[in-house]
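Report on one structure; see the data block that follows.
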Amino acid sequence: MAKKPSPRPTSGTPRGGWRHPAALVLLVVAVAWAVGTVFATTSASFPRVGAIPGLYDLGRWNYAIAAVLGFVALSIADRTRPEPAPREPGTVGNRWAAPAMLTSALIGLLWIVVFYTIQTTDVVIPFYSDLGNWNIVIGMGFIVAAFGFAMKWE
């Protein structure tokens, strides 16, 4: 009996394996390096740790090191990502992505608009007003999430 041919040609690149979790660990190290650099090279003090030995001596090179570590981690993760399963003809994509994208973008936009509107007034919204300029970060987070939903839209 003859073997059925595979639906897709396989590449010589191994998928998955130990390199994918290693890429995740390397990405966490890159983020930790960048956060540690912020506390080591600025006037902000690291909570209950004090100075981080070695980081202060490298100065601004720490940002480059964190960026290179992050790039290497993402490059490894991209090369070891498993290939997606083929779709059946006639199947419908993610119907939830478009409404989620629009909702997230509108929430982010409204969050920032409300912040700028009440910033110069005496209006106090509990918890919201206490966040201060972090409201911009939160609003932009919703907008970035909208871009993430846009990638799922088919």
For region 20-27, in order, what is each residue's ³J(HN,Hα) by Karplus, 6.51 cos²θ - 1.76 cosθ + 1.60 with θ = phi - 60°, in whole Hz (x at glycine and Pro)?
5, x, 5, 5, 5, 5, 5, 5
Modelled FRET efficiency - R0 25 Å, T103 with R79, Cβ distances, 0.05 increments:
0.15
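Just to verify a number: FRET efficiency for W134 and V28, C-beta to C-beta distance, R0 = 30 Å, to 0.05?
0.80
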If you filter region 51-154 for trypsin sites (Lys or Arg not before Pro), then keep DSSP loop positions with at most 14 other Cβ within 10 Å, what is left?
R60, R87, R95
Highest average packing first - 118-128, 66-76, Cβ atoms within 10 Å
66-76, 118-128
Efficiency by 1/(1 + (r/R0)^6): what FRET value for F71 and F147, r their Cβ-Cβ distance, R0 = 22 Å, to the nearest 0.05?
0.60
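Read-outs throughout are calculated quantities, based only on the coordinates presented, and are distinct from any laboratory measurement. Predicted model, so just to flag it, every value in this text is computed and none were measured. Every residue, glycine among them, receives a Cβ derived from its backbone with ideal geometry; neighbour counts consider all protein chains shown.
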